[in-house]
Amino acid sequence: MKKMFYYTVVLLTILLLSNKTSAQEDFFKPKTIIGGYGELHYNNENPDIGQTKKTLDFHRFVLFVSHSWSEEWSFKSEVEIEHNFIKSGQGELEIEQAYINYQP
């Protein structure tokens, strides 16, 4: 009888701990993800006339943001900055894509 009680307690403890571990994994699962990449160009031109033209162009910078409300519903977006001349009107800042995703 004592062995049966002991095995029951051990089995219940294992079951309770395994559920707790699963809950902890869900808690630490990231809900918001931020990422990105970029491309930078540096040109150092030395024409024969003796003048040096140095240009630094942040050719492309892309920022990705994703958020999951649940396993079914999520939001994804991508913002892109092209050429770092936005102040003078030569560059672009655009939302490449933004959508809400539903997967039943």
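Just so it is clear, none of the values below were taken in a lab; they were calculated from the coordinates. Everything numeric in this text was worked out from a predicted model, so none of it was measured.
Take every pair of alpha-carbon atoms less than 8 Å apart whose residues are at least six positions apart; their mean separation over the length of the stretch 31-102 yields a relative contact order of 27 percent.
The HN-Hα couplings worked out from phi for the stretch 44-54 by the Karplus form 6.51 cos²θ - 1.76 cosθ + 1.60 (θ = phi - 60°) are 10, 8, 10, x, 5, 7, x, 8, 10, 10, 10 Hz, whole numbers, x standing for Gly and Pro. Net length available on complete extension from His41 to Phe58 is 5.5 nm, with 0.36 nm assigned per residue and the Cα-Cα distance removed.
Derived from the Cα gyration tensor, the three semi-axes of the equivalent ellipsoid of the stretch 31-102 are 38, 11, 6 Å, largest first.
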